[in-house]
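Notes to accompany the following structure.
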Amino acid sequence: MQELTVELGSRSYPIRIGDGLIGDIGAQVAPLLKRPRTMIVTDEHVAPHYLAAVGASLGAEGISFSSFVLAAGEGTKSWDGLARLTDWLIGEGIERSDHVIALGGGVIGDLVGFACSIVKRGCAFVQVPTTLLAQVDSSVGGKTAINVAAGKNLIGAFHQPALVVIDPATLDTLPRRELGAGYAEIVKYGLIDDAGFFGWCEANGAALLAGDRAARHHAIAHSVTAKARIVAADERETQDVRALLNLGHSFGHALEAETGYSDRLLHGEAVAAGMVLAHQFSAANGLCPATDADRVRAHLAAVGLPHSLASAGVNCGGGELAAHMAHDKKVRGGKLPLILTRGIGQSFVTDAYGLDTVAAFLDGARG
Ligand code: NAD
Ligand code: GLY
């Protein structure tokens with residue numbers, strides 16, 4: 001087992017990574033509990049694979065538990081899902097010092113985290129992420145949210161977990177398409193500030209996606225180490241440090257909005273295409289070598305991820321995509337900060353480019 005820490009003073013917490021840890025959750029959470037009782041929240045796809053193992057490990061430690069199985073999918077991250085979950089937690093007699101276990105992907109992690117930020121004015125939770133996206137990104141850093149009619153993740157809170165337990169072996173049951181979507185977020189860490197890691201991805205990405213355990217473990221540990229460092233430096237995204245984690249996301253959100261936040265384009269797939277567009281936009285504006293943008297596109301294409309508007313299934317005008325970007329929650333003073341780059345591993349935040357410039361670029365990128 002490998003352990004690292006998200007350094008946040010009195011709210012610091014460990015991240016533990018190891019194949020088989022799902023069967024050791026009881027021993028992992030026992031030291032955190034004031035009473036031998038917990039609540040597990042999961043979804044209908046994850047429960048058949050892992051709920052029994054987590055329950056057995058809690059039982060082995062003498063910890064009683066109840067479980068709540070929600071529908072799988074983004075629709076669960078909603079006012080309705082939040083109301084049902086908070087009602088259930090209160091009905092179960094949750095106490096502030098209890099630790100709720102979020103067992104699942106980013107949907108379950110975000111929903112449980114938000115519920116725990118508000119139930120009884122805040123109780124604790126443990127992230128047990130079971131998708132690659134959640135293992136390398138969403139389970140760490142304390143961003144929690146639900147979606148509302150006006151947009152994704154618009155209602156939420158920063159609420160850090162007490163512990164993150166990552167069992168990469170749970171990825172064995174994850175559909176290949178979901179694995180690819182999570183892989184895009186791994187590549188992102190190389191592109192942000194770690195050109196050497198991008199090179200590692202070029203050499204090892206295909207093996208990782210084919211199930212190579214050593215490659216999978218290395219990539220997860222490297223990614224969460226980077227994320228922990230960034231979160232410790234800028235927990236609430238106020239200093240243009242954590243914002244770098246949004247590389248590819250502004251372009252990606254426009255693609256997700258255009259495809260209706262649907263299965264047509266998963267979040268990580270949109271981020272993949274968005275990262276290519278961010279590099280191509282940077283190259284088109286003389287910021288970054290075109291050869292670097294080509295390298296990013298070639299790698300994401302090689303592992304079967306969307307790497308252009310066409311491969312993302314988007315064929316609308318640049319103006320329509322830019323209009324989606326104007327609704328981004330990161331808009332400040334009418335301007336959208338973009339994460340651009342001077343080359344692989346050299347990303348930065350800028351609001352120097354208006355959405356009209358972005359729209360013209362996207363029109364050109366349609367060809
Ligand atoms: P998800 O939670 O919907 O999981 C994807 C699918 O895989 C679901 O059908 C789920 O049931 C299934 N699944 C999960 N683990 C499985 C396993 N081990 N075996 C078989 N099936 C499994 O999606 P996701 O990609 O994990 O997360 C997406 C969400 O994360 C979005 O809502 C996004 O906004 C959020 N997110 C949050 C942050 C953050 O910092 N909080 C960062 C990135 C994304
Ligand atoms: N996934 C972006 C962040 O955690 O800030």
Quick check: Cα centre of region 226-260 to Cα centre of region 107-177, how many Å? 15 Å
Other residues with Cβ under 10 Å from the Cβ of Glu185 give, with Lys and Arg +1 and Asp and Glu -1, a net charge of +1
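When a/c is below 1.5 the answer is rounded, else prolate if a/b is larger than b/c, else oblate, so apply that to region 194-337 with a ≥ b ≥ c taken from the square roots of the Cα gyration tensor eigenvalues.
Numbers: a/c = 1.60, a/b = 1.22, b/c = 1.31.
Oblate is the answer for region 194-337, as a/c is 1.5 or above yet b/c matches or exceeds a/b.
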Interatomic Cα distance distribution for region 133-231, bins of 5 angstrom, percent: 3, 12, 22, 22, 19, 13, 7, 2, 0
Would you mind working out the magnitude of the charge dipole of region 170-320 relative to its Cα centre, with +1 at each Lys and Arg C-beta and -1 at each Asp and Glu C-beta, to the nearest 20 Debye? 280 debye
Here region 185-202 yields Karplus 3J(HN,Hα) values (6.51, -1.76, 1.60; θ = phi - 60°; whole Hz; Gly and Pro given as x) of 6, 5, 4, 3, 4, x, 6, 5, 7, 8, 4, x, 5, 4, x, 4, 4, 4
In whole Hz, what ³J(HN,Hα) sequence does region 322-333 give by Karplus (6.51, -1.76, 1.60; θ = phi - 60°), x for Gly and Pro? 4, 5, 4, 5, 5, 8, 4, 6, 8, 4, 10, x
Relative packing of peptides 92-100, 105-113 - highest average C-beta neighbours within 10 Å first: 105-113, 92-100
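So, for region 200-262, what is the accessible surface per residue at a probe of 1.4 Å, expressed in square angstrom? Spell out each step's value before the answer.
Details: 2310 Å² over 63 residues.
With all protein chains present, region 200-262 gives 37 Å² per residue.
Rounded to the nearest 20 Debye, what is the dipole magnitude of the chain about its Cα centre when Lys and Arg each give +1 and Asp and Glu each give -1 at the C-beta? Working shown, then result.
On the way: 30 positive and 38 negative charges, 117 e Å.
The calculation lands at about 560 debye.
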Regression test value, accessible area per residue of region 1-144, probe 1.4 Å, units Å², expected 38 Å²
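Within a Cβ distance under 11 Å of Gly109, other residues only, what is the Lys/Arg minus Asp/Glu net charge?
-1
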Check Val148: other-chain or 5+ apart residues with amide H under 5 Å from its amide H, H built from backbone geometry? Asn153, Leu154, Ile155
Size of region 18-115 along its principal axes in angstrom, Cα-based, largest extent first? 34, 30, 18
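With every protein chain kept in place and ligands, DNA and RNA left out, what is the accessible area per residue of region 315-363? Probe 1.4 Å, answer in Å².
Values: 2290 Å² over 49 residues.
Here the residues of region 315-363 average 47 Å² of exposed surface.
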Out of Trp200, Ala214, Pro175 - ranked by how far each Cα lies towards the positive end of the dipole of region 161-227, with unit charges on the beta-carbon of charged residues - the top one is Pro175
Of His45, Cys123, Gly334, farthest towards positive along the dipole that unit charges on Lys, Arg, Asp, Glu beta carbons give the chain: Cys123
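Any of Lys77/Lys330; Lys77/Lys335; Lys77/Lys227; Lys34/Lys77 with alpha carbons more than 26 Å apart? Name them for me. Numbers along the way, then the final one.
On the way: Lys77/Lys330 20 Å; Lys77/Lys335 28 Å; Lys77/Lys227 23 Å; Lys34/Lys77 29 Å.
From Lys77/Lys330; Lys77/Lys335; Lys77/Lys227; Lys34/Lys77, over 26 Å: Lys77/Lys335; Lys34/Lys77.
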For the chain, go through all pairs of different Cα atoms, get the mean of 1/r, take its inverse, and jot down that Kirkwood value in Å. 20.7 Å
In whole percent, how big is the carbon plus sulfur part of the accessible area of the chain, probe 1.4 Å, protein atoms only? 52 percent
Long-range amide H partners of Val6, meaning residues 5 or more apart or on another chain whose placed amide H is closer than 5 Å, are Tyr13, Ile15
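By the scheme Lys and Arg +1, Asp and Glu -1, what is the net charge of all other residues having a beta-carbon under 14 Å from that of Asn285? Working shown, then result.
On the way: positive: Arg342; negative: Asp292, Asp351, Asp356.
Spelling it out: positives minus negatives among the neighbours equals -2.
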When the charge dipole of the chain is computed with +1 at the Cβ of Lys and Arg and -1 at the Cβ of Asp and Glu, the Cα pointing farthest to the positive end, of Ala283, Gln2, Tyr13, is that of Tyr13
What value, in deg cm²/dmol to 500, does the helix sum -39500 (n - 2.57) over DSSP H runs of n ≥ 4 give at 222 nm once divided by the residues of the chain? -14000 deg cm²/dmol
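The values are calculated or read from the model by the stated rules, or taken from the named source; none is laboratory data. Because the structure is predicted, anything quoted here is derived from the model rather than measured. Cβ coordinates were reconstructed from backbone atoms using ideal geometry, including for glycine residues, and neighbour counts include every protein chain displayed. The accessibility values were calculated without ligands, DNA or RNA, using every heavy atom of the protein model including side chains. Shrake-Rupley method; radii C 1.70, N 1.55, O 1.52, S 1.80 Å.
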